[in-house]
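Here the structure comes first, spelled out in structure tokens, and everything after it is commentary.
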Amino acid sequence: MRVNPLLLLAGAFLLTGCGGTAAPAASSVSSPAPPSSVMPPSSAPPSSSTAPVSSPVSPPPSTSAAGKVVVLDPGHNGGNGAHPKEINRSVPAGRGEMKPCNTTGTSTNAGYTEHAFNFDVARQVGEALSAKGIKVVYTRSDDSGVGPCVDRRAEIGNEAKADAVVSIHADGSTAEGAHGFHVAYSSPPLNKAQGAPSMALARALRDGLRSDGFTTSTYIGSAGLSARSDLGGLNLSTRPTVLVECGNMRNTAEAAAMSSAAGRAHYATAIAAAIEAYLG
């Protein structure tokens, strides 16, 4: 999730999802994003438009996870790059720290953006979970808005009393040979949910992705897991929460997979199955 230099219009952006250094925060301005940029609790997946669209309701199949609540957080947003002052304003990030509201995210060398990847994968994961009778809530309902800020994203999961919160991202490391996925969790934990429940969720995502053929990261964390103390969305959560970096968009093979519909469907299938396994 490194910041795409092509999207910087003014100021510097902090890479909130994968580390980085903080840019000087600009003064706060009111967000131009419409209220619909955060979807209220709904079992329907977000559409590519600003208004949420409901899918036809059918009786869910029997599953031990039916009735559970999952919050899906597609990292970044398509309008962030055009609103540097808004996304650079400081917000609480946990552990007594303040950080910029959000960032632009990264992209492949060919220009396919992380925010678009995150949104499409989250939508497909949500559709799969909803079909199993799981209630799905999204932190944003389109890929053209601004934010929401990292503290608000955490609040959405807390307010929904989520059984699991999964933030979906992709990385942008330029380190030679860097590839593979990793799952970040808050460490040291700040509350009970960030302890054993979040670790169990992190392992479920790691094991699910690995068993579905995805390779664990060669450059961050250990065996596909990464302890983080600097991510606001994890630090501020009071629910079991993880952040999945699906791979490195600067790696040729992983960029090709992320840029293809089949590749995104593969990621979504693995993530949805792992979440369901955790809930069950």
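For the condition in a loop (DSSP other than H, G, I, E, B), among the β-branched types (Val, Ile, Thr) and within 21 Å of ALA154 (Cβ to Cβ), what is the one hit in THR238, THR218? Step through it out loud before you land on a result.
Working: THR218 fails: within 21 Å of ALA154 (Cβ to Cβ).
Going through THR238, THR218 in turn, the sole match is THR238.
Just to verify a result, which residue in the range 135-156, among those that are crowded, with 23+ Cβ neighbours inside 10 Å and of a type in the set (Lys, Arg), is nearest to ASP230 (Cα to Cα)? For the range 135-156, the residue satisfying everything is ARG153.
Of all residues in the range 253-266, those that are in contact (Cβ under 8 Å) with a residue 60 or more places away in the chain and in contact with a Gly (Cβ under 8 Å, 6 or more places away or on another chain) total 2. Taking every residue in the range 109-121 that is closer than 13 Å to VAL244 by Cβ and touching a residue at least 12 places away in the same chain (Cβ under 8 Å) and pairing it with any residue that is assigned to a helix (DSSP H, G or I) and hydrophobic (A, V, I, L, M, F, W, C), at least 6 positions away or on another chain, the pairs with Cβ-Cβ distances below 9 Å are GLU114/MET258; PHE117/MET258; VAL121/MET258; VAL121/ALA265; VAL121/ALA268; VAL121/ILE271.
Selection of strands (runs of 3 or more DSSP E) fully inside the range 10-123 by the criterion of at least 3 residues being among the small types (Gly, Ala, Ser) and either within 20 Å of GLY232 (Cβ to Cβ) or modelled with pLDDT under 50 (or both) returns 90-94. When you go through LEU205, LEU190, LEU129 one by one, which is the residue that is more than 14 Å from the chain's Cα centre (by Cα), in a helix (DSSP H, G or I) and not polar (S, T, N, Q)? The match here is LEU129. For the range 162-183, the count of residues that are more than 24 Å from PRO100 (Cα to Cα), surrounded by fewer than 18 Cβ atoms within 10 Å (Cβ to Cβ), hydrophobic (A, V, I, L, M, F, W, C) and in contact with a helix residue (DSSP H, G or I) (Cβ under 7 Å, 6 or more places away or on another chain) is zero.
Take GLY221 and tell me if it is open to solvent by 20 Å² or more (accessible area, probe 1.4 Å), over 23 Å from LYS161 (Cα atoms) and at pLDDT 95 or above.
Details: open to solvent by 20 Å² or more (accessible area, probe 1.4 Å): yes; over 23 Å from LYS161 (Cα atoms): yes; at pLDDT 95 or above: yes.
Taking the combined requirement at face value, the residue satisfies it.
If only residues of the range 241-266 that are open to solvent by 30 Å² or more (accessible area, probe 1.4 Å) and of a type in the set (Gly, Ala, Ser) are counted, the one that is nearest to GLU127 (Cα to Cα) is ALA265.
Given the criteria open to solvent by 30 Å² or more (accessible area, probe 1.4 Å) and either in contact with a strand residue (DSSP E or B) (Cβ under 6 Å, 6 or more places away or on another chain) or within 26 Å of ASN248 (Cβ to Cβ) (or both), does ASN77 qualify?
no
Checked against the criteria, THR238 counts as among the β-branched types (Val, Ile, Thr), open to solvent by 40 Å² or more (accessible area, probe 1.4 Å) and over 18 Å from GLU127 (Cα atoms).
The values are calculated or read from the model by the stated rules, or taken from the named source; none is laboratory data. Note that this is a predicted model, so its numbers are computed, not measured. So basically every Cβ, Gly included, is an ideal-geometry build from the backbone, and we count neighbours across all protein chains shown. Accessible surface areas use protein heavy atoms only, side chains included; no ligands, DNA or RNA. Shrake-Rupley method; radii C 1.70, N 1.55, O 1.52, S 1.80 Å.
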